[in-house]
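Written out below as structure tokens is the structure these notes cover.
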Amino acid sequence: MEALNVKDLQVAYDRKAVLDQVELSIPQGSLTAIVGPNGAGKSTLIKAILGMLKRSSGHISILGKPYNPKNRNVGYVPQRGSVDWDFPTNALDVILMGRYGHIGWFKRPSKGDIALAKEALHKLGMADYADRQIRQLSGGQQQRIFLARALVQDAEVYFMDEPFVGVDAKTEKAIIDLLRELKHKGKTVIVVHHDLQTVLEYFDHTLLLNRTVIANGPTEQVFTKDLLQKTYGGTLAFFSPTGDKRVMS
Amino acid sequence: MIQDMWNALLHQPNTQWVVLSTMLLGIASGVLGSFALLKKQSLIGDAVAHAALPGICIAYLLIGEKQLLVLLLGATATGLLATYLIQLITTTTRIKKDAAICLILSVFFGSGIVLLSRITQQAGGNKSGLDHFIFGQAAAMTREDVYTMAGAAGGLILIAFLLFKEWKLLIFDPDFAKNSGLPVGLLETLFSTLLVITVVIGIQAVGVILMAALLIIPAISARYWTDRLGWMVVIAGAIGACSGIVGALISTISTGLATGPLIVVTAAGCFIVSFIVGPKRGLIQKLMAHRVSAERLKEESL
């Protein structure tokens with residue numbers, strides 16, 4: 001079964017196409033990396049799929065059905081820089097926001113919701129920070145809060161926008177452990193990823209993107225010198241997972 | 001003077017009503033203002049308040065007498081039109097939001113003043129009392145005016161209470177709100193409309209020029225006391241209420257002092273106190289934190 005299927009997706013800003021003729025499908029239960037150069041439209045792709053940006057055309061289905069946020073089967077981790085961290089709230093409260101879709105109108109979070117949020121905090125090694133104002137958290141901790149918030153959404157397919165950017169080693173480990181646990185439970189995780197060094201190690205499925213899909217398939221088939229060069233164009237410094245540095249031009 | 005204020009509050013039913021309604025108005029603007037501040041829409045509130053003036057004048061010219069509900073409908077119409085135009089200008093042209101707000105605010109207010117001068121020049125026009133809408137005159141409010149304002153303010157407070165959770169998520173992270181299945185567009189429109197209503201019901205007591213201050217000053221003051229949105233809203237409501245009560249009282253017992261400036265001056269007093277002694281990044285707290293870290297640094301370097 002496909003976790004995600006995208007047909008004929010086009011997104012345009014000021015009449016210029018940012019994404020064009022995007023066709024792709026992502027298998028259920030995969031850990032998928034979306035890889036491509038700056039400006040390739042990686043975040044745009046996620047936002048267009050989730051309806052946060054207007055699509056000029058395109059049909060999106062999640063687990064075989066047209067995407068509808070009300071189905072609550074899609075979890076989302078936005079880029080850390082997309083919110084105002086000075087907002088008057090604490091870590092636990094942000095995680096509880098992941099339950100709002102489930103709670104329903106006018107109601108306050110229940111004891112069960114709070115227990116779920118605390119469990120997620122604990123899982124990401126943040127149990128001591130529940131009452132902390134979010135501005136006082138480090139970048140890595142803020143990222144972990146966002147992961148925990150997505151976790152309590154209890155979704156089937158997760159979209160994450162650059163969760164590894166600017167985080168410390170401890171956070172990177174916490175995130176990758178969580179991704180593997182989600183995969184183990186049969187969930188699908190689709191991640192916009194920047195660090196080419198870790199693609200082979202972390203992800204079993206890879207989508208190479210530059211304005212359109214360059215390649216999409218199992219990581220070992222897609223993450224090749226030729227296809228990467230086609231994606232990035234020009235010169236690309238590529239670090240193999242074994243550590244020897246090759247420069248392709 | 002305090003004695004006079006007590007006497008007025010205890011023995012004059014008219015004063016009691018005016019004070020009650022400005023108190024409710026203060027709470028509503030503190031609450032809605034907190035959301036507007038965090039949504040970075042403080043200036044929109046100011047534009048709406050100024051844009052209400054032509055609406056009031058047009059409504060008066062159309063019906064030929066001062067009926068508050070009709071005037072407020074006119075104010076709501078031009079207020080909403082102003083928000084819509086600001087939105088339209090920022091999305092379809094290269095003009096930035098601050099410039100668009102400035103443009104709309106001054107053009108609408110200017111037209112309002114032109115219409116107002118015409119009205120006051122007409123026979124009997126200077127008795128219309130419309131000039132009270134510029135700086136606010138709570139004492140000039142009739143019993144029906146007071147009921148209208150108190151009812152609307154109560155409704156606004158109730159809606160904000162019911163939608164607290166949804167608005168919090170909408171303001172903090174609109175994309176995530178959308179992903180959670182919340183009707184983001186509807187909630188946005190509802191918030192803008194309620195913000196316009198808050199401003200509009202306040203202009204008779206506070207005036208179009210200063211109404212935005214009653215939205216924003218309680219909210220920024222409250223931020224110095226807490227790091228939780230729930231408390232911020234409550235504290236901003238309380239500061240708004242105090243400002244409303246004190247401003248209305250002083251203006252009723254004195255003759256000729258406009259209510260709006262008195263309310264805003266009171267709110268500004270609350271802001272200065274909050275700015276200095278507020279436990280969250282207030283001046284004293286900041287100085288102490290600075291001293292503690294300086295001493296720690298000294299100890300470590302020894």
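Structural remarks
- Subset of the stretch A:82-97 that is in a helix (DSSP H, G or I) and more than 8 Å from chain B (Cβ to nearest Cβ) - its residue that is surrounded by the fewest Cβ atoms within 10 Å (Cβ to Cβ): A:Leu92
- Hits in the stretch A:1-39 (condition: free of Cβ contacts under 8 Å to residues at least 12 places away in the same chain and either over 19 Å from A:Arg55 (Cβ atoms) or crowded, with 18+ Cβ neighbours inside 10 Å (or both)): A:Asn38
- Of all residues making up the stretch A:61-72, the number that are surrounded by 18 or more Cβ atoms within 10 Å (Cβ to Cβ) and of a type outside the set (Phe, Trp, Tyr): 2
- Residues in the stretch A:133-181 that are touching a strand residue (DSSP E or B) at 6+ places or on another chain (Cβ under 6 Å) and either over 22 Å from A:Leu50 (Cβ atoms) or surrounded by fewer than 18 Cβ atoms within 10 Å (Cβ to Cβ) (or both): A:Gln133 alone.
- Condition met for B:Gly240 (in a helix (DSSP H, G or I), under 26 Å from B:Leu73 (Cβ atoms) and in contact with a Phe, Trp or Tyr (Cβ under 6 Å, 6 or more places away or on another chain)): no
- Where A:Ser56 falls short, out of the listed (1) within 16 Å of the chain's Cα centre (by Cα); (2) surrounded by fewer than 18 Cβ atoms within 10 Å (Cβ to Cβ); (3) more than 10 Å from every other protein chain (Cβ to nearest Cβ); (4) not charged (D, E, K, R): (1)
- The listed residues are B:Val265, B:Val206, and the only one of them that is of a type in the set (A, V, I, L, M, F, W, C) and either touching a Pro at 6+ places or on another chain (Cβ under 7 Å) or crowded, with 24+ Cβ neighbours inside 10 Å (or both) turns out to be B:Val206.
- Screening the stretch A:100-130 for residues that are in a helix (DSSP H, G or I) and more than 21 Å from B:Arg228 (Cβ to Cβ) and picking the one that is farthest from the other protein chains (Cβ to nearest Cβ) gives A:His122.
- Restricted to the stretch A:131-232, the set of helices (runs of 4 or more DSSP H) holding at least 2 residues that are within 19 Å of A:Glu119 (Cα to Cα) and under 15 Å from the mean Cα position of the chain (by Cα) comprises A:139-151, A:169-184.
- Residues located in the stretch B:180-193, provided they are buried (at least 21 other Cβ atoms within 10 Å of the Cβ) and in contact with a Gly (Cβ under 9 Å, 6 or more places away or on another chain): B:Ser180, B:Leu182
- Any hit, the stretch A:71-81, residues being more than 7 Å from chain B (Cβ to nearest Cβ), under 17 Å from the mean Cα position of the chain (by Cα) and part of a loop (DSSP other than H, G, I, E, B): yes
- For the stretch B:13-64, taking the residues that are of a type in the set (S, T, N, Q) and touching a Gly at 6+ places or on another chain (Cβ under 7 Å), the one that is surrounded by the most Cβ atoms within 10 Å (Cβ to Cβ) is identified as B:Ser29.
Values in this text are rule-based calculations from the coordinates and carry no lab data. None of these values were measured; they are calculated from a predicted model. So basically every Cβ, Gly included, is an ideal-geometry build from the backbone, and we count neighbours across all protein chains shown.
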